[in-house]
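Read the figures in this text as sums done on the coordinates, not as results from a lab. Note that the coordinates shown come from a computational prediction; the quantities given were computed from them, not determined experimentally. All Cβ positions, glycine included, derive from the backbone under ideal geometry; neighbour counts span all protein chains shown.
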């Protein structure tokens, strides 16, 4: 199980407001059935990497479908094989130490 | 006002569990008084960039104080000058379009 | 054509020297036939995104094959559809303006 | 000594060509006297972190001076205290293992 952070932004759109594009991308994620969370700087997804990657590919394509000509995507993968990684587990583990 | 995502990780620690280091970094952020949010993949901070940057510098130093010899820090800044950017505002703006 | 930056690092290796893992990842890239460049902070790859992504997936797996139990991968994609994007073209375009 | 990767991009510019902004940012780096390298995906800087950070702050401001209203900056810091880190040393260390 991996935890993935992703942020997808079109470049060179006339407006500096990107929320219509972020919503388009988020909609794909919601329809995917993957466990995820929307944050102010990107989405965090939890699951099997081989299920997440095809969805990321689809998400990256979405701004083009909404008219963008250039898209910048940032993906950060935290993949742990010694114990199950999860969104909730990672946060709990830090909070216990605070 | 900027919104900043930051994740700080020591490299070459004997254990693959990094939560003691993440907790050390998070403690500095809590003491800073800056508005922020802990996520499974990093912290999100909102505020004046010139107030945030010195705190990021301090956070980056913390794993060394806990014994790390190598630290990898990732910072993503979203800085908007045409209208106030905020953690809450950015999420609300996307959710309205879903 | 997309240009992609990728950096793959194992976490929790006893040693802070990661070059054996970086070399393992780089070897996959060299064998892929994709146009790429090794930098001090990651590799830059140029090509069709659908050819690059399966190679990135393979690269991400490599540190596990070398004994790592946790891997952190950062991918940045710059995908442009209005004109061909290339490593050389992007640098030339900046240097002409300096 | 740290090695830093930085990429600075304005969002919501009417044009998808960002090289005038990248050139503006690169000019600051060249005038800084810091050792650095321009790549297709960002600049790589080597030096004392406390000398690099004020220059990054200045670089982040530059697209606003050129008319941008929103700027997205990505910074990745690799800071090693057990032995000197350098752009050249990092690449050599990988190439020796290939």
- Note on the structure: Put in order of increasing Cβ neighbours within 10 Å, starting from the fewest, B:5, D:64 give D:64, B:5
- Query: In nm, what does the list of distances from residue C:96 to its counterparts in the other copies look like, shortest first, when each label sits 7 Å along Cα to Cβ?
  - Reply: 4.0, 4.1, 5.8
- Query: At residue B:37, label 7 Å along Cα→Cβ: distances to the other copies, nm, ascending?
  - Reply: 0.9, 3.7, 3.8
- Item | Position residue C:65, label points 7 Å along Cα→Cβ, spacing to each other copy in nm (shortest first, one decimal) | 3.4, 4.2, 4.8
- Task: Going by C-beta contacts inside 10 Å, put D:41, B:1, D:59 in order with the fewest on the left.
- Result: B:1, D:59, D:41
- Note on the structure: Distance in Å, no decimals, from the C-alpha centre of the range B:61-85 to the one of the range C:78-98 is 28
- Query: How big is the Rg/Rh ratio for the range C:8-59, C-alpha atoms only, Rh by Kirkwood, two decimals?
  - Reply: 0.99
- Query: Roughly how many nanometres apart are two label points built 7 Å out from the Cα toward the Cβ at residue A:97 and residue B:57?
  - Reply: 2.5
- Ranked B:26, D:88, criterion: other C-beta atoms within 10 Å, fewest first: D:88, B:26
- Per-residue [θ]222 nm for chain B (sum of -39500 (n - 2.57) over DSSP H runs n ≥ 4, rounded to 500): -13000 deg cm²/dmol
- Message: Name the chain B residue nearest the rotation axis between B and C, going by Cβ position, and give the distance in whole Å.
- Response: B:14, 3
- Once both labels are modelled 7 Å past Cα along the beta-carbon direction, what's the residue B:37-residue D:31 spacing in nm? 3.8
- Item | Rounded Å value of the spacing that divides the Cα centres of the range C:18-54 and the range D:18-52 | 23
- Item | On Cα atoms only, tilt of D:19-32 relative to the major axis of chain D in degrees | 50
- Mean other chain Cβ within 10 Å across A:4-17 is 6
- Inter-chain Cβ neighbour average for residues B:21-33, partner chain, 10 Å: 2
- Note on the structure: Each residue of B:87-93 has, on average, a number of other protein chain C-beta atoms within 10 Å of its C-beta equal to 4
- Query: Can you give the convex hull volume per residue for the Cα atoms of the range C:2-95, as a whole number of Å³?
  - Reply: 93
- At what distance in nm do the modelled label points of residue A:83 and residue B:65 sit from each other, each positioned 7 Å from its Cα along Cα→Cβ? 2.6
- Give me the percent of Cα-Cα pairs in the protein assembly as shown that sit more than 32 Å apart, rounded to a whole number. 28
